[in-house]
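Encoded as structure tokens, the structure appears first; notes follow it.
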Amino acid sequence: MPWTIEQIERRFLGFMEANGHVVIEGHSVRSPTDDVLFTTAGMHPLTPYLGGEPHPAGQRLTDVQRCVRTTDIDEVGDDTHLTVFEMLGNWSLGSYFKETAIPLSFKLLTEEFGIDPHSLYVTVFAGDREVPVDDEAPAIWSQVFTGAGVDPTGRINPLGEEDNWWSNGPVGLCGPDTEIFVYVGEEGVPVFGDKPEFVEIWNNVFMTYDRSKDGELTSLSQRNVDTGMGLERIAMFLNQHTSVWQTDELAELAEAVAATLGTSTADLDTDGTRSLRIVTDHLRAGLAIAAAGIQPSASRQGYVLRKLVRRSLRHAELLKGTDEGLLAAYAAAAEAVSQVVGRRWPDVGGSPDGDAARAVLNKEAGRFAKTLKSGVEHLHDLAEHGTTFDGDLAFNFADTLGYPAELAAEEASRVGMAVDPGWEARFEELREEQRARSRG
Ligand code: SER
């Protein structure tokens with residue numbers, strides 16, 4: 001039986017609830033803190049409580065948190081990257097610690113999700129200059145494996161700060177962690193290592209430190225547990241898929257979007273598949289961001305939203321094969337996404353916020369449509385004349401035409417222009433000069 005996203009979510013939250021956790025609402029994708037643009041991890045909205053402030057729902061919490069990692073946007077289109085992804089998490093705010101967290105994780109994976117304990121491997125913190133080796137976590141893991149009749153030899157791997165220390169940025173809360181992997185390869189007695197056959201599925205952070213701006217590490221007043229499991233990734237693993245786009249909800253979304261653009265997933269080649277994933281992902285993320293009350297603009301969160309809309313409009317056009325009726329098709333695609341996603345994300349579905357979010361996306365798409373057309377035509381002309389795409393040209397596109405530089409660069413490669421590998425550096429230099437001029 002395939003695992004649906006909804007079943008996984010329900011099973012996780014139900015298990016945590018049965019183990020004394022209170023299910024709380026995830027925070028919006030708008031960052032709860034000023035230092036970053038979006039919510040980046042399940043623990044992010046819980047920062048004050050991990051720091052010692054009492055949480056109104058108690059000391060054991062669980063939720064599903066939508067997260068945005070903007071560094072992943074350009075990778076979207078492959079098998080694993082998404083602009084918005086969801087994290088299943090459970091937290092102990094100074095309640096239980098490693099002795100409970102580790103057996104709880106093991107039980108959920110093996111008994112609820114039915115994962116063979118023989119396929120589980122873990123890493124633990126080996127210590128560094130500042131913090132001693134974690135010798136408790138490996139001892140607990142050893143007991144847990146042995147108790148399940150699994151020889152722990154080779155399964156518990158101490159690694160350094162690079163791998164087993166988690167922090168949500170250069171300053172703030174942090175701590176050693178233990179990461180859980182499943183082996184998906186064929187070897188009878190695999191040797192743990194940095195290989196694709198070992199898929200990381202869950203992270204348990206023992207959040208016990210705070211790093212100050214000047215780099216100093218202090219111990220927190222309470223010992224916390226912060227866990228995070230990527231929902232789309234676990235769904236992919238449990239169903240033995242090779243891409244998150246094979247999991248039920250994303251597959252349904254992509255098919256619905258394809259239909260609005262007059263195609264179907266079965267008819268697409270590699271480039272078409274990539275375009276469809278970009279349109280679907282960017283609409284899903286764009287709607288979540290707009291539903292959080294963010295408007296497209298030239299900077300910060302607004303710029304991310306603008307980029308998502310503009311890029312998805314271009315890829316929708318590529319799939320459709322014409323700009324005729326493009327905006328109507330784009331609106332239909334946004335509607336299709338909000339219907340499917342809205343089943344689990346009510347703010348993006350048929351709610352006032354969801355309606356407003358769609359209107360924001362459609363308006364931004366409408367404003368960009370003309371620029372898109374002239375920008376693409378201009379690049380085609382330049383390609384015919386053998387022009388190289390460089391930073392000056394990118395700046396000209398962004399500044400004069402209002403055509404985002406990264407989109408122009410993507411298009412330039414698509415139409416076969418030579419792309420100067422230093423274009424971004426030069427583009428940034430020109431932008432900086434412009435900023436300096438406007439500062440006077
Ligand atoms: N904060 C950790 C992570 O995001 C565990 O939740 O991986």
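The values are calculated or read from the model by the stated rules, or taken from the named source; none is laboratory data. Computed from a predicted model, the values in this text were never measured in an experiment. Virtual Cβ from ideal backbone geometry, glycine too; neighbours counted across all protein chains shown.
Would you call residue 24 aliphatic (A, V, I, L, M) and in contact (Cβ under 8 Å) with a residue 60 or more places away in the chain? The answer is no for residue 24. Residue count for the stretch 144-166, restricted to those that are surrounded by 15 or more Cβ atoms within 10 Å (Cβ to Cβ) and either away from the ligand (no atom under 16 Å from the Cβ) or at pLDDT 95 or above (or both): 13.
Within the stretch 325-348, can one find any residue that is in contact (Cβ under 8 Å) with a residue 12 or more places away in the chain, more than 22 Å from the chain's Cα centre (by Cα) and not in a helix (DSSP H, G or I)? No, there is no match, as no residue in the stretch 325-348 is in contact (Cβ under 8 Å) with a residue 12 or more places away in the chain, more than 22 Å from the chain's Cα centre (by Cα) and not in a helix (DSSP H, G or I). Residues that are more than 16 Å from the ligand (Cβ to nearest atom), at pLDDT 95 or above and under 30 Å from residue 119 (Cα atoms) number at least 1 in the following helices (runs of 4 or more DSSP H) confined to the stretch 202-311: 231-238, 248-260. Of the listed requirements (1) part of a helix (DSSP H, G or I); (2) of a type in the set (S, T, N, Q); (3) in contact (Cβ under 8 Å) with a residue 24 or more places away in the chain, residue 387 misses just one: (1).
If the condition is being hydrophobic (A, V, I, L, M, F, W, C), within 16 Å of the ligand (Cβ to nearest atom) and either part of a helix (DSSP H, G or I) or touching a Ser or Thr at 6+ places or on another chain (Cβ under 8 Å) (or both), then the stretch 50-85 contributes 50, 67, 68.
Check whether at least one residue in the stretch 187-196 is aliphatic (A, V, I, L, M) and more than 16 Å from the ligand (Cβ to nearest atom), and report yes or no. Outline the logic, then answer.
Taking the stretch 187-196 first, the residues aliphatic (A, V, I, L, M) are 189, 191.
Then drop every residue that is not more than 16 Å from the ligand (Cβ to nearest atom), which leaves 189, 191.
Checking the stretch 187-196: at least one residue is aliphatic (A, V, I, L, M) and more than 16 Å from the ligand (Cβ to nearest atom).
Taken over the stretch 201-220, the criterion of being surrounded by fewer than 17 Cβ atoms within 10 Å (Cβ to Cβ) and more than 14 Å from residue 97 (Cβ to Cβ) is satisfied by 212, 213, 214, 215, 216, 217, 218.
For beta carbons closer than 7 Å, sequence separation of 6+ or different chains, a first residue in the stretch 111-122 that is touching a residue at least 60 places away in the same chain (Cβ under 8 Å) and surrounded by 17 or more Cβ atoms within 10 Å (Cβ to Cβ) and a second that is assigned to a loop (DSSP other than H, G, I, E, B) and of a type in the set (Phe, Trp, Tyr), the qualifying pairs are 121/192. Which ones in the stretch 34-49 are within 21 Å of the chain's Cα centre (by Cα) and more than 14 Å from the ligand (Cβ to nearest atom)? Hits for the stretch 34-49 are 34, 35, 37. Listed by first and then second residue, the pairs with beta-carbon distance under 6 Å, at least 6 apart or on different chains, first residue in the stretch 196-217 and charged (D, E, K, R), second within 14 Å of the ligand (Cβ to nearest atom) and part of a strand (DSSP E or B), are 200/179; 200/181; 210/173; 211/174.
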